[in-house]
Amino acid sequence: MFKINQDILTLFHQILERESKPINQRQYYEMWLRFYLYFCNQHNREGTPESIDLFIIDLQRRGKALFQRRQAMEASQIYAKIKSQIPETPWDVTLAQLGKTISTLQYSPKTLASYRH
């Protein structure tokens, strides 16, 4: 299972509550957030503007229903809001620079993945 930072998860649940998402559906929003983060990790896409669109296209390709794709999109957008409010750590900056270097030198994406975890 893909782990989410507890601070981010707490903020995520607060936003779900503020937006009056039904309590019985909040677990699914969290599930879609985990899927989104896993997708981004697999495709080295986290933080890119098109990552949410690519994630939803992938869900559609996998035959997910429209209401599921909407939930996934809302969960991903909430996460994007949270990420924009949290300042970057020095490690985040280093990872971004490393990602650009790896891309420029055309190394395997697995190289960057080894530094993320």
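The values are calculated or read from the model by the stated rules, or taken from the named source; none is laboratory data. Nothing here was measured: the structure is a model prediction, and the numbers come from that model. Here Cβ is always computed from backbone atoms with ideal geometry, including for glycine, and neighbour counts include all displayed protein chains.
The residues of the stretch 1-15 that are of a type outside the set (D, E, K, R) and under 17 Å from residue 84 (Cα atoms), listed by number, are 4, 5, 6, 8, 9, 10, 11, 12, 13, 14, 15. The residue that is farthest from residue 110 (Cα to Cα), counting only those in the stretch 25-72 that are surrounded by fewer than 15 Cβ atoms within 10 Å (Cβ to Cβ) and β-branched (Val, Ile, Thr), is 57. Within the stretch 34-51, is there a residue that is of a type in the set (Asp, Glu) and modelled with pLDDT of 90 or more? No, the stretch 34-51 has no match at all. Restricting attention to the stretch 47-86, the residues that are of a type in the set (Phe, Trp, Tyr) and touching a residue at least 24 places away in the same chain (Cβ under 8 Å) add up to 1. The set of residues in the stretch 2-24 being in a loop (DSSP other than H, G, I, E, B), basic (Lys, Arg) and exposed (fewer than 15 other Cβ atoms within 10 Å of the Cβ) consists of 3 alone. One residue alone among 54, 95 is closer than 24 Å to residue 5 by Cα, out of contact with any Ser or Thr (no Cβ under 9 Å at 6 or more places or on another chain), of a type outside the set (S, T, N, Q) and assigned to a helix (DSSP H, G or I), and that residue is 95.
Condition first: within 19 Å of residue 13 (Cα to Cα) and outside any helix (DSSP H, G or I). Can you find one or more residues in the stretch 66-89 that meet it? Yes, the stretch 66-89 contains a residue that is within 19 Å of residue 13 (Cα to Cα) and outside any helix (DSSP H, G or I). Run residue 110 past the list (1) assigned by TED's automatic domain parsing to the domain that holds residue 13; (2) more than 21 Å from residue 11 (Cα to Cα); (3) charged (D, E, K, R) and report the number of the one that doesn't hold. (1) is the only condition that residue 110 fails.
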